[in-house]
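To start, the structure itself, in structure tokens.
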Amino acid sequence: MKRMLEVALGIVTGIGGFLEAGSLATAAQAGSEFRFDLIWAVIVGAVCLAFLVEMAGRLSAISKHTIPDALRERFGIRFFVVSLIIMELVMFLVMATELGGVAIALELASGVSYRWWALPVGFLAWILLWKGTFGLIEKGVSVLGLVTLAFVVGAIHLHPPMADVVRGALPRPPAHDPARYWFLAVSILGASISPYLFAFYSAGAVEDKWDVSHLTINRITAGLGMGFGGIVAIGALIVAAIVFHPLDIQVDSFMQLPLLLTGAFGRVGFVLFVASLGIACFGAAQEIALTAAYMLAQGLGWRWSENLPPAVDARFSLSYTVLIPLAAIPAAAGVDILKLTNISMVLSAASLPVIVAPLLILMNDRRYVRDYGNGWFSNTVVALITALAFVLAIVSFPLLVKGGG
Amino acid sequence: MLLVLDVLDKQLTDRHGVRMGKADGLVMLQEGDAPPRVVCIEVGSLTLARRLGRHVGRWAARLARRWGGDRTQSYRIPWTLVRGITLEIAVDVDAEETRVNVVEDWLRIHVVAHIPGGRL
């Protein structure tokens, strides 16, 4: 029974990492502009994520050290500080996006502008972290996040042409607007393979005191969680392709997105959409806030645990206390959340090498993973992902300029 | 044993197995013609700042003098108290009795305690 509950960690990471502002918006854009042609990007993202998350969990279960720990200990303070700065900047942008996503969900529900909701949402996220425990946040989000399955149900309900969907699962050259096509492909990969997730997952493994006996569960949760997340994102893409593409609707605001589910479910769809957006973004915002604090605390050797009262790990708790209100400022200031989403997803993709490349080394370092290191297959996969990460890092900026508008 | 690979930046654990920061620096001593030897491990952000570059180090030192006085000096653990080096460095001290958590303690008393829910 306990083990069953632990699978929740994988599922929550799946939802928090997959269906959040980033993956929802990029999937909707991809579906509306390129129909089913970019489904492959979601699949590639989900597969990469499943492999990397499994490794992050294995690393921490065996070594009892988290990824930020290992970045500092194995690669030294200079490397750590560079990766810390890059990661914190990206996490800040993504957290701002997610808080904006929750605020927009509340605007849709209430009619009151998202700008007014940003700070209260930040406050709610903070108070749950301040008072709550890791288990509460993990399980709360995973249960509530199941509402995002509405996108899968919606996709099935709309009877997509299966032949076209399957064809979209294979990478293909763009039919039109190549810059935009590749920009969206990179955004989808950035939204799926979020670097913060590995740090969050590895911290979760240590928070939940994982050991060798958890390796099987780790494998199941990584596969299930990421598979679950991927299917939900594909559902959103399919719905967008069916609802938006025939009408030639280009997604240029989150405000259009409730149409995705009202097409399939009518009025109930609106409620389901608002709940999905709000919950998924809120969960992601909390995970990112925690990860931003974990990263600082673990790398610099502070005390840390979401399960300790804030008085015991003051530096850790104050880190997220400072970061959350700062991340609520862009939305409160009226920044265009969809633009912020696209920028932060592309930068997220660009930041991948700083965490993926070290993982390739760590998963072969016997001092960390002992006899549980990567086999040739996992090494080949993670080497390919590392190569992909470097390609993404190089192409992301030019694509942001050419295809981002 | 390789000092930089095996010791520097590693996790320190105290005699109760409690995490007590990282090996932020090493102090080495050379006497006469003898090869230099490590005399202690330093734990503290000032040591860490120095390793990031001369300017960062100086700036941190100035900041520390203004705000913290002597308390912010790095804490030194004699090499003779090192009990084992694996992925972590086990040292024979009690973290509670050292200064490694002065900043933590200061923040708990002066900041966290003033936020509702911040008291133990």
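The values are calculated or read from the model by the stated rules, or taken from the named source; none is laboratory data. Everything numeric in this text was worked out from a predicted model, so none of it was measured. Here Cβ is always computed from backbone atoms with ideal geometry, including for glycine, and neighbour counts include all displayed protein chains. In case anyone asks, the SASA skips ligands and DNA or RNA and just uses the protein heavy atoms, side chains included. Shrake-Rupley method; radii C 1.70, N 1.55, O 1.52, S 1.80 Å.
Among the residues of segment A:63-88, what is the count of those that are out of contact with any Ser or Thr (no Cβ under 8 Å at 6 or more places or on another chain) and closer than 24 Å to residue A:330 by Cα?
4
Results for (1) surrounded by fewer than 20 Cβ atoms within 10 Å (Cβ to Cβ); (2) under 15 Å from the mean Cα position of the chain (by Cα); (3) modelled with pLDDT under 95, shown as yes or no for each residue.
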{"position": "A:1", "(1), (2), (3)": "yes, no, yes"}
{"position": "A:4", "(1), (2), (3)": "yes, no, yes"}
{"position": "A:60", "(1), (2), (3)": "no, no, no"}
{"position": "A:87", "(1), (2), (3)": "no, yes, no"}
{"position": "A:90", "(1), (2), (3)": "no, yes, no"}
{"position": "A:94", "(1), (2), (3)": "no, yes, no"}
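If we only count helices (runs of 4 or more DSSP H) wholly inside segment A:1-118, which ones have 1 or more residues that are within 14 Å of chain B (Cβ to nearest Cβ) and of a type outside the set (Phe, Trp, Tyr)?
Fully inside segment A:1-118 and qualifying: A:39-63, A:67-110.
Would you mind listing the helices (runs of 4 or more DSSP H) fully within segment A:293-405 where at least 1 residues are farther than 29 Å from residue A:128 by Cα and open to solvent by less than 30 Å² (accessible area, probe 1.4 Å)?
A:337-350, A:353-362, A:366-369, A:376-403
Can you confirm whether residue B:44 is open to solvent by 30 Å² or more (accessible area, probe 1.4 Å), within 14 Å of chain A (Cβ to nearest Cβ) and under 16 Å from residue B:95 (Cα atoms)?
no
Could you list all residues from segment A:64-82 that are among the small types (Gly, Ala, Ser) and buried (at least 23 other Cβ atoms within 10 Å of the Cβ)?
A:70
Give me a count of the residues in segment B:12-36 that are touching a residue at least 40 places away in the same chain (Cβ under 8 Å) and farther than 16 Å from residue B:92 by Cβ.
Residues in segment B:12-36 being touching a residue at least 40 places away in the same chain (Cβ under 8 Å) and farther than 16 Å from residue B:92 by Cβ: 3 in total.
Looking only at segment A:177-218, filter to residues that are in contact (Cβ under 8 Å) with a residue 40 or more places away in the chain and not in a helix (DSSP H, G or I); which one of those is nearest to residue A:86 (Cα to Cα)?
A:194
Here are some residues: A:272, A:277. Which one is part of a helix (DSSP H, G or I) and open to solvent by less than 10 Å² (accessible area, probe 1.4 Å)?
Being part of a helix (DSSP H, G or I) and open to solvent by less than 10 Å² (accessible area, probe 1.4 Å) holds for just one of A:272, A:277, which is A:277.
Conditions tested, residue by residue: (1) more than 10 Å from chain A (Cβ to nearest Cβ); (2) buried (at least 18 other Cβ atoms within 10 Å of the Cβ).
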position: B:9; (1), (2): no, yes
position: B:18; (1), (2): no, no
position: B:31; (1), (2): yes, no
position: B:36; (1), (2): yes, no
position: B:39; (1), (2): yes, no
position: B:53; (1), (2): no, no
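I'd like the full set of residues that are open to solvent by less than 100 Å² (accessible area, probe 1.4 Å), among the β-branched types (Val, Ile, Thr) and either at the interface with chain A (Cβ under 8 Å from one of its Cβ atoms) or assigned to a loop (DSSP other than H, G, I, E, B) (or both), limited to segment B:81-120.
The answer is B:93, B:98, B:100, B:103, B:111, B:112, B:115.
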